[in-house]
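The values are calculated or read from the model by the stated rules, or taken from the named source; none is laboratory data. Every value quoted in this text rests on a predicted model; they were computed, and no experiment measured them. In this analysis, Cβ positions are derived from the backbone assuming ideal geometry, glycine residues included, and neighbour counts consider all displayed protein chains. When the accessible area is computed, the model is the full protein with side chains, heavy atoms only, and any ligands, DNA or RNA have been set aside. Shrake-Rupley method; radii C 1.70, N 1.55, O 1.52, S 1.80 Å.
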Amino acid sequence: MNALPKRISKETERLVKEPVPGISAAPHDDNLRYFDVTIDGPTSSPYEGGTFKLELFLPEDYPMVPPKVRFLTKIYHPNIDRLGRICLDVLKSNWSPALQIRTILLSIQALLGAPNPDDPLANDVAQKWKEDEKTAIQTARDWTKEYAKA
Amino acid sequence: MEPRQKKARFFDSEEDFGPDTKSLIRPGSSHKPGKPASNSLARPTPAPSTFRSDLEAFLGPLSDQRFGLLLAKSKGNVEQAVNIHFDLPEEVQQATSEETAEEAEVSQTTTSGFETTQKPSQNTQVPSRVHTRGGCSTSRFIGSLVVTAWASKSSKGKVKYQDRLVVERQSHDHSKSIRKNPTDNSHVHIRTVSGELLGRISGEHDYSIASLIDSRVCDFEASCVYADHNLSLGSNFVVELKCYLTEEAFQDVAMPLLDSKTAKKREYVFDNSRESHVEKMLRNRQIAIVDLFGKLNLIKENEANADMVKDMLRAKSQPPSSQPPSQNSEDESEPIPTDELDALYKRIEKEDVEQPETEVEGFPLELRRYQKQGLTWMISRETEVSEYFDNDDSGPINPLWTKVDFPGSDEKFYVNFSSGALTLKFPKQERSFSGGILADEMGLGKTISTLAMVYRDRHVGCTLVVAPMSLLWQWEQECERVGLSTYVYHEKGADIDLDELFKTYSPNILITSYHTLVSHYGQIKALGGGLDRNVISETSSHERPKIFTKHFHRIVLDEAHVIKNRNTVSAKACCLLRATNKWALTGTPIHNRLEDLFSILKFLGAAPWNDFIYWRNFITLPFQEGKIVSALMTVQCILEPIVLRRTKNMKQADGSPLVVLPKKTINIEKVALTDQERVIYSYVLARAQTSLQKSEASEAVGRNYLNILTQILRLRQSCCDPALILRPEAEVPTDEQLQIEENESQLKSMIQQYNDDTQTSACEYSSEIIAQLQDQSAPPECPICAEDVTKLAISKCLHMGCVDCLADNVRFQESKKQTPVCCICRQPAALKDIFEVERTGEDCKDIRLKKLSDRPRSSKLVALVSKLKQLPKDAKSVVFSQFTSYLDIIQTELRREKIQAFRFDGTLSRQQRTDVLKAFGLSKGSVLLISLKTGGVGLNLVTANHAFIMDPWWTFAQEAQAIDRIHRMGQTKDVHVTRFIVENSVEEKMLKIQQQKMVLAGTLGMSEQEQKAQRIENIKTLLGE
């Protein structure tokens, strides 16, 4: 394993010093590339009141390649599958080394506020969202209550 | 002959003035008839030894008396003598004249020392004839000498064959005459028994015989071998001299052994050609003894140091006036030819593997067998002499002494040809110091052996280890491993008070660096203490650094060849350290000059060799006179008892090798240059050839040597990477300093072109960019590495970042087969659209844009990277180059390739070195870049098992050293070495020269002229097609 690049330590430092409201990220002591992340559900979204746990890992080639992020908390969302994987362009083809952990987590938070069933990852959820948005939002609320209560 | 005649006649006339007075002056001489008083008188009848041996072959052993008679009667004819013997079995003795009988009695007395069995009774019969000195009974016959004598007056029938003669000095008042005219008083007179002067021993011999008589080393018995019946003035007659060593000769009082102090004094005086009378006597005696022993042929061929002694005989038998011209500079001694040096090393290797083994209780590491044996030896070097050499005649003989047998006897005596001393006692090599040189070959675990020794008596006292800076950490670590407490006395660690340290902590081992010693030594000088140890001890203790006042239990100099130059401060500082036991660890006690060893011996206190004057006389001077073998033999004699050297190739008693190292494979990887590189290479080559031809035409190759070497250096650099040539800051080997001259512009532009990407067109956005940049003041943070930008670059889309980051981003995307885009705006990006911003002028207002291109990687670098990538994932490698600027390029490239690389070169501080080695030791799959010069010594890098040598050195030995960093004890994996060599280049030719150097018998006997020619030949080889 290479020594930790300056950029990672700098980002980590900044995440601690100037935390983004509703988002926390802390590296593991034994692996500074592995972060425990929590994102609060955005207000006026079905996820409001929930606190979602995620894991974030910075691969060897970071920042040339995007971080790997996954939800640990069960969530009912058309762009997040049962394994917690996230469908988000900046985490894939639209990644740029100018992006950072902070910006990625903000994007994920924004994704919670604006589900996009047209570009689904969890097909069944997306289907439901399109057919019966009300029920789907209610399910999302219920799941949040059930799984994402702190 | 003519001049001698003349000279002889002169003295002869002087002699004639007063033979009587002279005989009166002669002390101890009583020339009364029938009383042979002088030691030179009345010896058994002489005979040429061949005659006697022939005769004895027929008749069996003969008494001297009997033999003398036979000789007289037969006139040297064997056949006749045999007949006479049988004709006159009993009457012979009676038949002789009264004088002869008397003479015979005397002879029995005087010779009884070696023929007592034959004539035991005669001794008591003639007690009155015993010499007044009382030494005759112990006078020992050592051989006979036939000399020519010169008749100083005409005489008729005074002497005939077999007549006994008297040898005496012209005057015994030599002390007076020496002062007046030292060289002239060397006449030895021959008289008849009745005291009549016949003549004197002619010039060739008289000098030494006179000295021997004067110094009472020898008694002579003379007899006539041949003389004309009518001796005319100036004619020659032949005399046989039987030589007897007197008892006095063996007394120390007569010739005190040279200790270093007197030797020093003696030599100083010698050099100033102002000798005191005693010194003159002693030197004459020495020269005479050497001369005599040489003539008597007493040195046996099979004697260990026969060669050396013979050389000394040759050298010392020359009169003092023909001493070699004094060498002005002692340091100008020639390097030892490598082959001779190898042979010397070979001889001091200890093949004796049957030594007992010593176990160290509680020592946590398993010692190998040879290490335990070595430990036995090391411990013995620290204990009392008596324990080691209990037997009187065992152990090594002092190298200055030579064993000589008494003829016809089992007994022997010993001669010191360098001082002229004689002794009957075995002169054992005295141990003047405690400790030695552990010269095991690299990788045999000198450190561990030493630590085991320290561990054994760790409670006795503190051991001081002096090591090069780069090895301090290694020592510390090893000590920790075996559980020895340490303190590193270096840099900040050296600021403490040693006394306080020992009061509170008292470490087993104090580790320091040569560097620290040097700086502490500087303090002494600053205090005005001078360089003399005596002076320093007079300065009060708080004034000098404690390191020099503390008496250590033991000092160990690691890589002791660091102090090989005795004039360096580090050598002087080390010699100042005080300890009970002193050790030097080095794989090469002699690097290339014999003086290298002297410095170490001085540190050890190996008297008398720690006195440079002594050393110079017995080693440097003979060596400079071309007696290389004999000088090396002397060195070997010195080294034998104090050096332990084992090599990896040696076998244990059971035939198994000492060390089984993993297999080592060395591959030569041929690299082809790209066309672009070839163009530059050919250009540099052509220029070098032209300048060589020019020099040859003007016959000034020697003078332009440096210039041509520089050209060759450039050739070698262009094989590595053309960019190296243009780096003026590049660290180039000494003397080969690169200078970029005015007319280099063509070469410059060629290389520039090579560096540039020619496809990049002029930038159409430049004005916009410059406008943008002019607004920008403080360097922004790079969006990619999140650090302050040091080398600012800007892209076509006007986004900025580090040059490397922006370029890396593009390269990375390209490597993933993606279309590269800007990291900020995601517009298409390309390397050719990235510009490095250079701000120049006042306030950095002038902005220039430098096109950034993907600098092509040199062929060797490509080869290295591909090799590195083929390695297993966690295999570690070391990369060597002699050009640190090349290491820079490699480092950058490896970073680009995401290969973790560490760097170890001369610019690092000790802390940095330690850190780098630590980090490399702990890392996986990493590469350590080492400059060949820095990393050649001592480093232990066994965690790596791949080595890459980027450029060849003139001798393979240097590269082998580098390879041994990873191929040494502790290496568990097979070692792979790759040497990168550019095809059809100077590098291939360097390989050839390397091989020649290994094959050639060596430079032994090559004159300077020839060596020069060889060098020029080498240059032609290098630059040839």
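Overview of results
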{"read-out": "Qualifying residues in the range B:808-823 (those that are assigned to a helix (DSSP H, G or I) and either touching a helix residue (DSSP H, G or I) at 6+ places or on another chain (Cβ under 6 Å) or among the basic types (Lys, Arg) (or both)) - the one most open to solvent (accessible area, probe 1.4 Å)", "value": "B:ARG811"}
{"read-out": "B:ALA439 vs. criteria of a type in the set (A, V, I, L, M) and either outside the structural domain of B:LEU597 (by the TED database) or at pLDDT below 80 (or both)", "value": "no"}
{"read-out": "Verdict on A:LEU32 being within 14 Å of another protein chain (Cβ to nearest Cβ) and over 14 Å from A:LEU106 (Cβ atoms)", "value": "no"}
{"read-out": "Within the range B:400-417, considering residues that are surrounded by fewer than 19 Cβ atoms within 10 Å (Cβ to Cβ) and of a type outside the set (Phe, Trp, Tyr), the one nearest to B:ARG285 (Cα to Cα)", "value": "B:LYS403"}
{"read-out": "Single condition B:LYS832 does not satisfy, out of (1) within 14 Å of chain A (Cβ to nearest Cβ); (2) modelled with pLDDT under 75", "value": "(1)"}
{"read-out": "Some residue of the range B:369-379 being closer than 25 Å to B:GLY970 by Cα, at pLDDT 75 or above, open to solvent by less than 20 Å² (accessible area, probe 1.4 Å) and part of a loop (DSSP other than H, G, I, E, B)", "value": "no"}
{"read-out": "Test: residue in the range B:180-188 that is open to solvent by 10 Å² or more (accessible area, probe 1.4 Å), over 41 Å from the mean Cα position of the chain (by Cα) and modelled with pLDDT of 80 or more", "value": "no"}
{"read-out": "Failed criterion for B:TRP954 (all others in (1) within 14 Å of another protein chain (Cβ to nearest Cβ); (2) under 30 Å from B:LEU685 (Cα atoms) hold)", "value": "(1)"}
{"read-out": "Residue tally, condition facing chain A (nearest Cβ under 10 Å) and more than 22 Å from A:GLU60 (Cβ to Cβ), over the range B:779-826", "value": "6"}
{"read-out": "Whichever residue in the range A:1-29 is within 14 Å of another protein chain (Cβ to nearest Cβ), aliphatic (A, V, I, L, M) and open to solvent by 60 Å² or more (accessible area, probe 1.4 Å) and, among such residues, is nearest to B:ALA875 (Cα to Cα)", "value": "A:MET1"}
{"read-out": "Scan of the range B:656-685 for residues that are modelled with pLDDT under 85 and either surrounded by fewer than 16 Cβ atoms within 10 Å (Cβ to Cβ) or of a type in the set (S, T, N, Q) (or both), ordered by number", "value": "B:SER656, B:PRO657, B:VAL660, B:PRO662, B:THR674, B:ASP675, B:GLN676, B:VAL679"}
{"read-out": "Residue list for the range B:890-900, restricted to those being over 12 Å from B:SER931 (Cβ atoms), open to solvent by less than 40 Å² (accessible area, probe 1.4 Å) and more than 14 Å from chain A (Cβ to nearest Cβ)", "value": "B:GLU893"}
{"read-out": "Selection from the range B:901-937 of residues that are of a type in the set (Phe, Trp, Tyr) and within 13 Å of another protein chain (Cβ to nearest Cβ)", "value": "B:PHE902, B:PHE920"}
{"read-out": "Identity of the residue in the range B:487-508, polar (S, T, N, Q) and assigned to a loop (DSSP other than H, G, I, E, B), that ends up surrounded by the fewest Cβ atoms within 10 Å (Cβ to Cβ)", "value": "B:SER506"}
{"read-out": "Residue list for the range A:104-126, filter: open to solvent by 50 Å² or more (accessible area, probe 1.4 Å), at pLDDT 85 or above and either of a type in the set (A, V, I, L, M) or within 22 Å of A:ASP61 (Cα to Cα) (or both)", "value": "A:LEU106, A:ALA110, A:ALA114"}
{"read-out": "Qualifying residue in the range B:350-359 (condition: open to solvent by less than 60 Å² (accessible area, probe 1.4 Å) and at pLDDT 75 or above)", "value": "yes"}
{"read-out": "Residue match in the range A:97-110 (condition: assigned to a loop (DSSP other than H, G, I, E, B) and away from chain B (no Cβ under 14 Å))", "value": "no"}
{"read-out": "Hits in the range A:71-96 (condition: more than 14 Å from chain B (Cβ to nearest Cβ) and not aliphatic (A, V, I, L, M))", "value": "A:PHE71, A:THR73, A:LYS74, A:TYR76, A:HIS77, A:PRO78, A:ASN79, A:ASP81, A:ARG82, A:GLY84, A:ARG85, A:CYS87"}
{"read-out": "Residue within the range A:127-136 that is more than 14 Å from chain B (Cβ to nearest Cβ), open to solvent by less than 60 Å² (accessible area, probe 1.4 Å), aliphatic (A, V, I, L, M) and within 17 Å of the chain's Cα centre (by Cα) present", "value": "no"}
{"read-out": "Selection from the range A:35-80 of residues that are open to solvent by less than 20 Å² (accessible area, probe 1.4 Å), over 26 Å from A:ARG7 (Cβ atoms) and without any contact (Cβ under 8 Å) to a residue 60 or more places away in the chain", "value": "A:PRO78, A:ASN79, A:ILE80"}
{"read-out": "All positions within the range B:465-486 that are assigned to a helix (DSSP H, G or I) and of a type in the set (A, V, I, L, M)", "value": "B:MET469, B:LEU471, B:LEU472, B:VAL482"}
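For every residue, the table says whether it meets (1) under 29 Å from B:GLU677 (Cα atoms); (2) free of Cβ contacts under 8 Å to residues at least 40 places away in the same chain; (3) crowded, with 20+ Cβ neighbours inside 10 Å; (4) touching a Pro at 6+ places or on another chain (Cβ under 7 Å).
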{"position": "B:ALA944", "(1), (2), (3), (4)": "no, no, yes, no"}
{"position": "B:ALA947", "(1), (2), (3), (4)": "yes, no, yes, no"}
{"position": "B:ASP951", "(1), (2), (3), (4)": "yes, no, yes, no"}
{"position": "B:THR955", "(1), (2), (3), (4)": "yes, no, no, no"}
{"position": "B:GLN958", "(1), (2), (3), (4)": "yes, yes, no, no"}
{"position": "B:ILE966", "(1), (2), (3), (4)": "no, no, yes, no"}
{"position": "B:THR972", "(1), (2), (3), (4)": "no, no, no, yes"}
{"position": "B:VAL975", "(1), (2), (3), (4)": "no, no, yes, yes"}
{"position": "B:PHE980", "(1), (2), (3), (4)": "yes, no, yes, no"}
